[in-house]
Amino acid sequence: MYRSWAYIPEVEQSAKVPQWVADLPTSTTGAANSVLAYGAGRSYGDSCINTDGKLIDTQQLRHFISFDVDTGVVTAEPGVTLDQLLRLTVPKGWFLSVTPGTSYATLGGALANDVHGKNHHCKGTFGHHVKQFKLLRTDGQELVCSENENPDMFKATIGGMGLTGIITQITISLQAIKSANMTVSTQPFVGLFEYLKLSKISNQQDQYSVAWIDCMSGDMEGFKGLFYSANHAKTGELAYDEAQSSLSAPSIIPSYLLNKYSVTAFNKLYYAKNKGNKSGINQGYHSFFYPLDKVANWNNIYGKKGFYQCQFILPLDQNEVFDQVFTKIRQSGMGSFLTVLKEFGVYESAGMLSFPRPGICLAMDFSNRGNSTMKLLKDIEHLVINAGGSIYPAKDKLMSAESFRHCYPALDDFKRYVDPGISSNYWRRVSG
Amino acid sequence: MLIPVFLLTIGDALVADGKHILVLGSQSTLAREFVDQYIDEFSHITLVARNAEKLQVQAADLESRSKTVHTKCIDFNEIGIHQEFDGALDDIDEVYFFYGSLPDQQACEQSVESALEAINLNFVSSVAMLTSIANQFEQKRAGLILVVTSVAGDRGRKANYVYGASKAGLTAYCQGLRNRLASAGVRVVTVKPGMFKSAMTEGMPKTPAILWSDTDRIAKVVVEAATGSKEVVYAPGYWRIIMWVIKSIPERIFKNTSI
Ligand SMILES: Cc1cc2nc3c(=O)[nH]c(=O)nc-3n(C[C@H](O)[C@H](O)[C@H](O)COP(=O)(O)OP(=O)(O)OC[C@H]3O[C@@H](n4cnc5c(N)ncnc54)[C@H](O)[C@@H]3O)c2cc1C
Ligand SMILES: NC(=O)c1ccc[n+]([C@@H]2O[C@H](COP(=O)([O-])OP(=O)(O)OC[C@H]3O[C@@H](n4cnc5c(N)ncnc54)[C@H](OP(=O)(O)O)[C@@H]3O)[C@@H](O)[C@H]2O)c1
């Protein structure tokens, strides 16, 4: 059964599972029979769900087509997961140029959401490293897209949420590494300004940086956080680091276990455990990039009702809005288990609807308490939109059509590239 | 170095620097998953299936992963296919039988042709190839033959006895072959899966859910069977108990059930 990673909307859908690219449906008729490609379902919101139509599960479309070990250019089918790719390329000294926080995402999903990583300030987004892809439209037409060939369709499809066609083949360039290890430093800090200072210094010397924060521990000046910066290690083995889940969250944990008190306690404990200043510690790439992948089905900890993710970017001159957001969260009494802060660089987006842009990006999660959670998220949405910020579709299931238009001014232009035979719950909500 | 796609045939001389496996029905969902999980165990692979275009896709995939690949396009329903394998196994260390088809039971009841086609594919063609393969491995005094049959062969059921009979025949054949080849040091392994999600079962209602496995779980059992020492393996293992229960129901009661 198919659903989104956060279990909301509370629907399960069945899907067609083509085993080969050649078996993909080549013509569907009209919007009533719309289809939507489904990667690994690691999107939290409803962008990977299409309850009015059909899903096409692309996970069996996972052949490699070529791998040039001298230049680090790899071509593969869209259902290849980041983990499957790393298994092939790490031993040969190549790593993803940009990776999100889960290795279970597919190449197709990474392209369709133009995902970002902890190195946005120096590498941009996933789309910046896509050299070419093939796109199958539901009328049977197959387009080769790159910066030179069908360049508009290229830009529309990167970050295009699967709406422009089914991606059937992707060519990306990788970055060279000397070791499978990461050299990681941790620094505790207090408040947004200290964070910005650390981020500025780190951006000049480190490829990766990200901060974990406890947003219940104080206001904009007072919250506690841990700043992580990292680089690929210079020495060590080039060994694939297996995505093995060593733990598994029981399938249903009563959601009352996850309340303000337990979340606060967790965050305090996490801080206390990690706050020691550490620099230059070596660790495997997997535990640095994909810590949550170690717990299979960790999304179950939020219980049956699921949870909401909330990820947005605020322009750098809108710091006081952070304060307002934090105040709202504290007032609501809802804690965010995992709150992550990251400064984005000034890269021009690779896609028409790409989420990343210059500013500060905050990601939070809230277990679903019904209306009160929705109200909190709606309040945050208004604050963000009014401040000229943007909200990440891969994590969103509430944004209004009006807000979407504010975040993504290229919307009307984008609509010209949408395949009439494709739709999603997300698209029906925001395209109005 | 861009790894090119080139197609060779079985029998081409090889410089063997690692294990060479022969996969019959390489395009089955289970075979693909097995090859992925077994990837570090071999250096050469010969893929046999009936769709040439898909064979090229598979070959490119495995070549990208630094394997030496050979392909052979065969329809297993054709008579005389065993000749393709005569004298061709010198370099091959392990042979895997994955292909098969689940025929429409009702069609098999109405049409002799349908019934015989299923029996021919699932049983007769395997016997033809196994005869050739077994003799060559016996002479070499080495080799592994792993055949995927099915729990459906453990007891004939009204819902799919034509399929069941073909798999039962193959299971019994492998059992005898195992005994014959034991002294020659050739392992014959039978894997009997329960229901799992694959191209064969796409569109079937997957209920009751606990009896349905994902392909990767079945493939893992195949890998363990290939590398371990057991000779008759249920996949997943609990099917041994389920089938033991099902087999022990007396026929006169079984007749009146919907199983
Ligand atoms: C633990 C965790 C950490 C994460 N960290 C980050 C992060 O750091 N940065 C970030 O940007 N995101 C992050 N994400 C979100 C995730 O990377 C994205 O949602 C990603 O798109 C998921 O890929 P998927 O393969 O699961 O695709 P799905 O979620 O299944 O689908 C996503 C979109 O891709 C489309 N799609 C999939 N395959 C194709 C195809 N073949 N052709 C056309 N369209 C297709 C779908 O239609 C859908 O619109 C994280 C998610 C998790 C669970
Ligand atoms: N899935 C289950 O629930 C289940 C349960 C028990 C046992 N099994 C057995 O497991 C094995 C693998 O099956 P699967 O589930 O992975 O299904 P599958 O993907 O449908 O695999 C069957 C393969 O056999 C091939 N084939 C069929 N007729 C052929 C012919 N005449 N010539 C050449 N190839 C032919 C098919 O080729 P095409 O792709 O060209 O059609 C297909 O690749 C089979 O032996 C099956 O009987 C399956």
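When the residues of the stretch B:63-118 are narrowed to those that are assigned to a helix (DSSP H, G or I) and either aliphatic (A, V, I, L, M) or on the phi > 0 side of the Ramachandran plot (or both), which ends up farthest from ligand 1 (Cβ to nearest atom)? Ranking the candidates gives B:Val112 first.
For the stretch A:181-209, which residues satisfy the criterion of being part of a strand (DSSP E or B), among the hydrophobic types (A, V, I, L, M, F, W, C) and more than 16 Å from ligand 1 (Cβ to nearest atom)? Before you say what the answer is, go through the steps one by one.
Looking only at the stretch A:181-209, we keep the residues that are part of a strand (DSSP E or B), and these are A:181-190, A:208-209.
With the extra rule that they be among the hydrophobic types (A, V, I, L, M, F, W, C), the set shrinks to A:182, A:184, A:189-190.
The answer is A:Val184, A:Phe189, A:Val190.
Evaluation of A:Ser146 against the conditions (1) within 20 Å of the chain's Cα centre (by Cα); (2) hydroxyl-bearing (Ser, Thr, Tyr); (3) away from chain B (no Cβ under 12 Å) shows that the sole unmet condition is (1). What number of residues within the stretch A:44-76 satisfy the criterion of being basic (Lys, Arg) and in a loop (DSSP other than H, G, I, E, B)? Of the residues in the stretch A:44-76, 1 are basic (Lys, Arg) and in a loop (DSSP other than H, G, I, E, B). Tell me yes or no: at least one residue of the stretch A:390-409 is over 22 Å from the mean Cα position of the chain (by Cα), surrounded by fewer than 19 Cβ atoms within 10 Å (Cβ to Cβ) and in contact (Cβ under 8 Å) with a residue 60 or more places away in the chain. No. Selection of the stretch B:135-146 for residues being surrounded by fewer than 20 Cβ atoms within 10 Å (Cβ to Cβ) and closer than 30 Å to B:Met243 by Cβ yields only B:Leu144. Is it the case that some residue within the stretch B:137-148 is modelled with pLDDT of 95 or more, part of a helix (DSSP H, G or I), touching a helix residue (DSSP H, G or I) at 6+ places or on another chain (Cβ under 7 Å) and within 15 Å of ligand 2 (Cβ to nearest atom)? No, there is no match, as no residue in the stretch B:137-148 is modelled with pLDDT of 95 or more, part of a helix (DSSP H, G or I), touching a helix residue (DSSP H, G or I) at 6+ places or on another chain (Cβ under 7 Å) and within 15 Å of ligand 2 (Cβ to nearest atom).
Condition check for B:Val189 on (1) assigned to a helix (DSSP H, G or I); (2) surrounded by 18 or more Cβ atoms within 10 Å (Cβ to Cβ): one failure, at (1).
Conditions tested, residue by residue: (1) surrounded by fewer than 17 Cβ atoms within 10 Å (Cβ to Cβ); (2) at pLDDT 95 or above.
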| position | (1), (2) |
| --- | --- |
| A:Gly162 | no, yes |
| A:Ile170 | no, yes |
| A:Ser173 | yes, yes |
| A:Ala180 | no, yes |
| A:Gly222 | yes, no |
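Pairs are defined by a Cβ separation below 6 Å, a sequence spacing of at least 6 or placement on different chains, a first member in the stretch A:75-89 that is more than 11 Å from every other protein chain (Cβ to nearest Cβ) and free of Cβ contacts under 8 Å to residues at least 40 places away in the same chain, and a second member that is within 12 Å of ligand 1 (Cβ to nearest atom) and assigned to a strand (DSSP E or B); no pair meets this definition. Within the stretch A:16-71, the set of residues being acidic (Asp, Glu), within 14 Å of chain B (Cβ to nearest Cβ) and within 13 Å of ligand 1 (Cβ to nearest atom) comprises A:Asp57 only. Selection of the stretch A:155-180 for residues being under 18 Å from A:Phe414 (Cα atoms) and either within 13 Å of ligand 1 (Cβ to nearest atom) or outside any helix (DSSP H, G or I) (or both) yields A:Ala156, A:Thr157, A:Ile158, A:Gly159, A:Gly160, A:Met161, A:Gly162, A:Leu163, A:Thr164, A:Gly165, A:Ile166, A:Ile167. Return a yes/no flag: does the stretch B:54-62 have any residue that is surrounded by 16 or more Cβ atoms within 10 Å (Cβ to Cβ), at negative phi, out of contact with any His (no Cβ under 8 Å at 6 or more places or on another chain) and more than 14 Å from chain A (Cβ to nearest Cβ). Within the stretch B:54-62, not a single residue is surrounded by 16 or more Cβ atoms within 10 Å (Cβ to Cβ), at negative phi, out of contact with any His (no Cβ under 8 Å at 6 or more places or on another chain) and more than 14 Å from chain A (Cβ to nearest Cβ).
Quick check: is even one residue across the stretch B:147-156 surrounded by fewer than 18 Cβ atoms within 10 Å (Cβ to Cβ) and either away from chain A (no Cβ under 14 Å) or of a type in the set (Asp, Glu) (or both)? Outline the logic, then answer.
Restricting attention to the stretch B:147-156, the residues satisfying the condition of being surrounded by fewer than 18 Cβ atoms within 10 Å (Cβ to Cβ) are B:155-156.
The next check asks that each one be either away from chain A (no Cβ under 14 Å) or of a type in the set (Asp, Glu) (or both); those that pass are B:155-156.
Yes: one or more hits.
Applying the set (1) within 14 Å of chain A (Cβ to nearest Cβ); (2) in contact (Cβ under 8 Å) with a residue 24 or more places away in the chain; (3) not in a strand (DSSP E or B); (4) not polar (S, T, N, Q) to B:Leu47 leaves exactly one unmet item: (3). When A:Gly109, A:Gly101, A:Gly79 are checked against the criterion of being at negative phi, within 12 Å of ligand 1 (Cβ to nearest atom) and not in a loop (DSSP other than H, G, I, E, B), a single residue qualifies: A:Gly109.
From the residues in the stretch A:319-342 that are under 18 Å from A:Pro393 (Cα atoms) and β-branched (Val, Ile, Thr), which one is surrounded by the most Cβ atoms within 10 Å (Cβ to Cβ)? Top of the filtered list is A:Thr339.
Suppose the filter is among the basic types (Lys, Arg), away from ligand 2 (no atom under 16 Å from the Cβ) and modelled with pLDDT of 95 or more; does A:Lys123 pass it? Write out each step before concluding.
Numbers: among the basic types (Lys, Arg): yes; away from ligand 2 (no atom under 16 Å from the Cβ): yes; modelled with pLDDT of 95 or more: yes.
Yes, satisfied.
Might you let me know whether the stretch A:343-351 holds any residue that is buried (at least 22 other Cβ atoms within 10 Å of the Cβ), in a loop (DSSP other than H, G, I, E, B) and either more than 16 Å from the chain's Cα centre (by Cα) or modelled with pLDDT under 90 (or both)? No - not one qualifying residue is present in the stretch A:343-351. None of B:Lys197, B:Lys192, B:Lys230 is within 14 Å of another protein chain (Cβ to nearest Cβ) and of a type outside the set (Gly, Ala, Ser) except B:Lys197. Note on the stretch B:31-44: residues that are more than 24 Å from B:Ser125 (Cα to Cα) and either in contact with a helix residue (DSSP H, G or I) (Cβ under 6 Å, 6 or more places away or on another chain) or free of Cβ contacts under 8 Å to residues at least 24 places away in the same chain (or both) amount to 3.
The values are calculated or read from the model by the stated rules, or taken from the named source; none is laboratory data. The structure displayed is predicted, hence computed values, not measured ones. With ideal geometry, Cβ positions are generated from the backbone for all residues, glycine too; neighbour counts draw on all protein chains shown.
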